[in-house]
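Worksheet: one structure, shown below.
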Amino acid sequence: MSLFYAGMKGNDRDFIAQKYKVPKGNTFSSWLRSLNYLRNLCAHHSLLWNRNMVDQPKLPDAPDAGDLANFIGQPKSIARPFILFCLLQWLMREICPNSRWHERFREHLENFPTGARQLRSLSEMGCRPGWEKWDLWKI
């Protein structure tokens, strides 16, 4: 789908992107490529938690970015998987507003084991401080 979308005329890409509240088609195209990369990692059982994403998404300009503005100027966070989950939630709100995916995802992260014996942290995945209070993740 990302290749098909990238091959479309600019006006058509912009039209489709705006249906998902993404102002520019080029930005949306980068989201599709990044989500395709995420899908491939998951499908092939690759390490995801603290991976640097090879294909990183572009962000809308600050006025249009909503909670994604928390990633502007944060290249280390943009390179981690959490931003892709934020993009998924952005799209889910438009595609299926009654979905409870965000609740399950949030619960999963809230129950993430912590303590001295744990070797991983949410920040390694790119979670920004206070993410659970962003409008994007509100129940």
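General remarks:
- Residue that is farther than 23 Å from Pro129 by Cβ, in contact with a helix residue (DSSP H, G or I) (Cβ under 8 Å, 6 or more places away or on another chain) and either surrounded by fewer than 17 Cβ atoms within 10 Å (Cβ to Cβ) or modelled with pLDDT under 95 (or both), where the choices are Asn50, Asn36: Asn36
- Number of positions in the stretch 50-62 that are within 19 Å of Leu122 (Cα to Cα) and touching a Pro at 6+ places or on another chain (Cβ under 7 Å): 2
- Positions within the stretch 21-44 being touching a residue at least 24 places away in the same chain (Cβ under 8 Å) and either among the polar types (S, T, N, Q) or touching a strand residue (DSSP E or B) at 6+ places or on another chain (Cβ under 7 Å) (or both), in sequence order: Asn26, Thr27, Ser29, Ser30, Ser34, Asn36
- Which numbered condition Asp67 fails, given (1) within 16 Å of Glu94 (Cβ to Cβ); (2) acidic (Asp, Glu); (3) without any contact (Cβ under 8 Å) to a residue 60 or more places away in the chain: (3)
- Evaluation of Asn70 against (1) over 21 Å from Ser2 (Cβ atoms); (2) surrounded by fewer than 18 Cβ atoms within 10 Å (Cβ to Cβ) (one fails), failing number: (2)
- Test: residue in the stretch 63-82 that is closer than 22 Å to Leu122 by Cα, at pLDDT below 95 and among the hydroxyl-bearing types (Ser, Thr, Tyr): yes
- Verdict on Ser121 being surrounded by fewer than 18 Cβ atoms within 10 Å (Cβ to Cβ), of a type outside the set (Phe, Trp, Tyr) and over 22 Å from Arg39 (Cβ atoms): yes
- Test: residue in the stretch 32-43 that is assigned to a helix (DSSP H, G or I) and of a type in the set (Gly, Ala, Ser): yes
- Verdict on Pro63 being surrounded by 18 or more Cβ atoms within 10 Å (Cβ to Cβ) and of a type outside the set (A, V, I, L, M): no
- Note on the stretch 47-73: residues that are assigned to a helix (DSSP H, G or I), over 10 Å from Cys86 (Cβ atoms) and among the aliphatic types (A, V, I, L, M) amount to 3.
The values are calculated or read from the model by the stated rules, or taken from the named source; none is laboratory data. Note that the structure is a prediction, hence the values are computed from the model and not measured. Cβ sites come from the backbone with ideal geometry, for glycine too, and all protein chains shown count toward neighbours.
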